[in-house]
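No value in this document is a laboratory result; all are computed from the given coordinates. Treat the numbers as computed from the prediction; the structure is a model and nothing was measured. We place every Cβ from the backbone using ideal geometry, glycine too, and count neighbours over all the protein chains shown.
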Amino acid sequence: MRRAPITKPATKAKVTSISPALGAINSQAQNVDSHGRIHVILNRRLSDGDPYSYASSSGFHYHYFRDLSGSWHESNTGIAGGQRPKLLFDTDDNAYLVYVDKSGLLKFFVAKASSTWTDWKQAYSYPSSSSGERVCSETVLDPDALIERDTLSAQLQLCAPAGANVSELRVIDVVRSYQ
């Protein structure tokens, strides 16, 4: 399901003020739910640090959203930082945060719209930590699969095994089971 493009300019663009010492980085996620509420996932540290060091290893994903009255809300998801997060919504406006963590595991988290997206829980991890496999690429998700089939479909590339010069490209489908 494709959404219509933004058709009028925003009257107020400021969401919050963040100290540069919190290590916020520009590689984050945003999406719009079915009611037109804008959501942003931003990785940053809890306390000040070196403004030039990457926050992913010591930070957490923060969720910001604009409610229907235009007010912005911020919450710490409690989810440790990782690379290139993606944010999707199902037909009930539950939010799905998917990213590769620092150990190379693809993590799937979900929060219910009915909790105003404050109840983030891990729903799935791939590959299993005991397999020795690790994800080495930015993941590509299929938002239509979530809407049409209740399935989180992710394309990823595994790290090449020692001594190999090729690695596997995989597509995994995770059926939505979070109610």
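Miscellaneous remarks
- Only one entry in ASP142, ASP119, ASP67 is closer than 19 Å to ILE38 by Cβ, of a type outside the set (Val, Ile, Thr) and out of contact with any Gly (no Cβ under 7 Å at 6 or more places or on another chain), namely ASP67.
Okay, residues lined up against (1) hydroxyl-bearing (Ser, Thr, Tyr); (2) part of a loop (DSSP other than H, G, I, E, B); (3) over 20 Å from PRO161 (Cα atoms); (4) touching an Asp or Glu at 6+ places or on another chain (Cβ under 9 Å):
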site	(1), (2), (3), (4)
ARG84	no, no, yes, yes
ASP92	no, yes, yes, no
VAL98	no, no, yes, no
SER103	yes, yes, no, no
ALA123	no, no, yes, no
SER130	yes, yes, no, no
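- Of all the criteria given as (1) in contact (Cβ under 8 Å) with a residue 60 or more places away in the chain; (2) charged (D, E, K, R); (3) within 16 Å of PRO85 (Cβ to Cβ), the one not satisfied by GLU148 is (3).
- Only listed residue being under 19 Å from HIS61 (Cβ atoms), without any contact (Cβ under 8 Å) to a residue 40 or more places away in the chain and surrounded by fewer than 18 Cβ atoms within 10 Å (Cβ to Cβ), chosen from SER125, SER167, SER131: SER125
- Selection count, region 91-114, where residues are touching a residue at least 60 places away in the same chain (Cβ under 8 Å), of a type outside the set (S, T, N, Q), surrounded by 19 or more Cβ atoms within 10 Å (Cβ to Cβ) and within 14 Å of ARG37 (Cβ to Cβ): 1
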